[in-house]
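The values are calculated or read from the model by the stated rules, or taken from the named source; none is laboratory data. Nothing here was measured: the structure is a model prediction, and the numbers come from that model. Neighbour counts are summed over all protein chains in view; Cβ atoms, including those assigned to glycine, are modelled from backbone coordinates with ideal geometry.
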Amino acid sequence: MSIAFVAGLGVVLAAVAFVASMLGIGGGVAYTPIQVFFGIEIHTAAATSLFLIIILSLGATSVYHRAGKVDWKVTVLLEIFTATGGFAGGYLSSFIHQNILITILTAAVVLAGAVMMREGKDPENVSTKHAWYKWRRDFGGLPYELNLLVAVPVCTLAGALSGMIGIGGGIIKVPMMVVLFGIPMDIAVATSGLMVGVTAIGGFAGHAVAGHFDWRMGLILTPGVFLGAWLGAHTMLRIDRRILKKIFGVAMFLIACGLMARMILK
């Protein structure tokens, strides 16, 4: 690969990192298709994507943690399931055809965009019924409630999908936290920014074991992605929650359109 090719790819992925860290989605939903568009094989692209999501997560979380936006307890519990699913998905991706993986990616993006354009549950509407599977949280001065019977299987599925196609799972986790559990958008984004990195570790390990990762390419792209993520996180802290939610939905639809166009023109 030429220097111009790598430089061009690096600039594009750094720009994606800026937007992705602002939305808490990890960037893999764009990293993978962009690399495929540049001619990189889907499994190698997915492995590099997961590595860059880890880098993005480090950059974004360094900002969000200082701002007090990361719910660490939620992250620790849910990542037990997403990281496990991520490893399985990354390893099993070798047995799934490229076109199927791209179709799954497109469908996931469309679903995430549609969900986030809807109005979510009011964070103040916390159930008064006590149950062992309902985990009540009061973080950032706002109450919310996680239904573990829903969160556990959804996070496991998000992890498996993440590992298979090289995304951090944020396109599922952010809508899940905002719409299903009423978590404020900024806290959901910041918490997801940490979670996607942890999930990506599992998926990346699966790909590494399967021999998909190009170490040289990953290390070259690291500085730009880290800087983009750091700047994007600072930008998110200055945006209204409702506007941020709409931006998330629109971004998902635009990415889905690009994926479908590529499939049609291929």
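List of remarks:
- So residue 55, is it part of a helix (DSSP H, G or I), over 15 Å from residue 192 (Cβ atoms) and within 13 Å of the chain's Cα centre (by Cα): yes
- Candidate set from segment 96-120 (those that are more than 17 Å from residue 71 (Cβ to Cβ) and not in a helix (DSSP H, G or I)); member that is modelled with the highest pLDDT: 96
- Residue 152 under 13 Å from the mean Cα position of the chain (by Cα), modelled with pLDDT of 85 or more and in a helix (DSSP H, G or I): no
- The listed residues are 209, 189, 225, 196, and the only one of them that is in contact (Cβ under 8 Å) with a residue 12 or more places away in the chain, surrounded by fewer than 20 Cβ atoms within 10 Å (Cβ to Cβ) and assigned to a helix (DSSP H, G or I) turns out to be 209.
- Pairs, first under 12 Å from residue 199 (Cα atoms) in segment 70-93, second of a type in the set (D, E, K, R) and part of a helix (DSSP H, G or I), C-beta under 9 Å, six or more apart: 78/173; 82/173
- The residue that is nearest to residue 109 (Cα to Cα), among those in segment 138-192 that are in contact with a strand residue (DSSP E or B) (Cβ under 9 Å, 6 or more places away or on another chain) and acidic (Asp, Glu), is 145.
- Of note, residue 28 does not satisfy the criterion of being touching a Phe, Trp or Tyr at 6+ places or on another chain (Cβ under 8 Å), at pLDDT below 85, more than 25 Å from residue 142 (Cα to Cα) and crowded, with 18+ Cβ neighbours inside 10 Å.
- Residue selection: residue 47 satisfies the criterion of being part of a helix (DSSP H, G or I), touching a His at 6+ places or on another chain (Cβ under 9 Å), crowded, with 21+ Cβ neighbours inside 10 Å and at negative phi.
- The lone criterion from (1) in contact (Cβ under 8 Å) with a residue 12 or more places away in the chain; (2) over 25 Å from residue 189 (Cβ atoms) left unmet by residue 18 is number (2).
- Failed item, numbered, when residue 176 is tested on (1) buried (at least 21 other Cβ atoms within 10 Å of the Cβ); (2) in contact (Cβ under 8 Å) with a residue 40 or more places away in the chain; (3) under 21 Å from residue 70 (Cα atoms): (2)
- Of the residues making up segment 1-25, just one is outside any helix (DSSP H, G or I), at pLDDT below 80 and among the aliphatic types (A, V, I, L, M), namely 1.
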